[in-house]
Amino acid sequence: MRLIRALTPAVLAMTAFTATPALAESAVGSSVALVEAAASLAPGKYLWEEDVAAGPMSILISIPDQKAYVYRGEQLVAVSTVSTGKEGNETPVGLFTILQKKQMHHSNLYDNAPMPFMQRLTWDGVAIHAGRNPGFPASHGCIRVPTEFAKKLFAATEMGATVEVTDISYSPETPAPRSDAQLTAAANAAPPKDLGSFLASR
């Protein structure tokens with residue numbers, strides 16, 4: 001399992017993680033190890049595993065963690081530091097989809113500020129893009145990520161990909177974000193409940 005990372009002393013310990021066969025065989029173990037390694041990420045840094053899973057890409061943004069957690073299918077494949085909206089310009093929480101992608105965009109609201117590798121989440125100005133990443137909320141509502149991470153994420157995602165922004169910290173049991181359509185399909189696929197058991201449980 002190959003791991004691309006922004007080089008910093010805090011993540012050199014990842015060598016042991018990438019060389020451990022047991023972790024390579026376990027999706028859960030891999031996710032836990034990735035999250036543990038990401039706990040010491042310095043602002044502006046990220047971790048990205050290559051070729052470890054298949055499936056659609058989705059993104060979870062944790063405001064209290066100031067991190068982005070990227071899934072491919074159900075497998076966590078990347079973690080990055082982020083900078084979300086500062087007080088008075090908080091990044092909204094909720095379930096979003098990528099509405100627009102533009103390699104070089106300039107803000108219509110804030111002095112034509114550059115927003116490289118922009119992925120729009122709302123039509124009123126919230127997007128994921130490369131930008132200053134000081135380790136705390138500092139944006140006007142956008143989700144700023146390190147430039148190299150933004151570039152990789154831009155290349156990997158598709159229009160309509162699901163992005164969840166939450167005010168809850170991540171845990172290894174946190175599932176991949178799901179769109180409304182996916183949640184509906186899962187609910188419809190679930191076996192019907194026995195009426196007698198349901199009434200007895202009330």
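The values are calculated or read from the model by the stated rules, or taken from the named source; none is laboratory data. The structure presented is a predicted model; accordingly, all values stated were derived computationally and were not measured. Glycine also receives a Cβ, built like all others from the backbone with ideal geometry; neighbour counts cover every protein chain displayed. Protein only, heavy atoms only, side chains kept; ligands, DNA and RNA dropped before computing areas. Shrake-Rupley method; radii C 1.70, N 1.55, O 1.52, S 1.80 Å.
Summary table below
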| read-out | value |
| --- | --- |
| Any hit, segment 111-131, residues being at positive phi and without any contact (Cβ under 8 Å) to a residue 12 or more places away in the chain | yes |
| Residue within segment 157-180 that is open to solvent by less than 20 Å² (accessible area, probe 1.4 Å), touching a Leu at 6+ places or on another chain (Cβ under 6 Å) and part of a loop (DSSP other than H, G, I, E, B) present | yes |
| Spans of helices (runs of 4 or more DSSP H) in segment 1-102 with at least 1 residues at pLDDT 60 or above, farther than 20 Å from residue 118 by Cβ and open to solvent by less than 60 Å² (accessible area, probe 1.4 Å) | 27-38 |
| Evaluation of residue 125 against (1) over 29 Å from residue 50 (Cβ atoms); (2) in contact with a strand residue (DSSP E or B) (Cβ under 8 Å, 6 or more places away or on another chain); (3) open to solvent by 20 Å² or more (accessible area, probe 1.4 Å) (one fails), failing number | (2) |
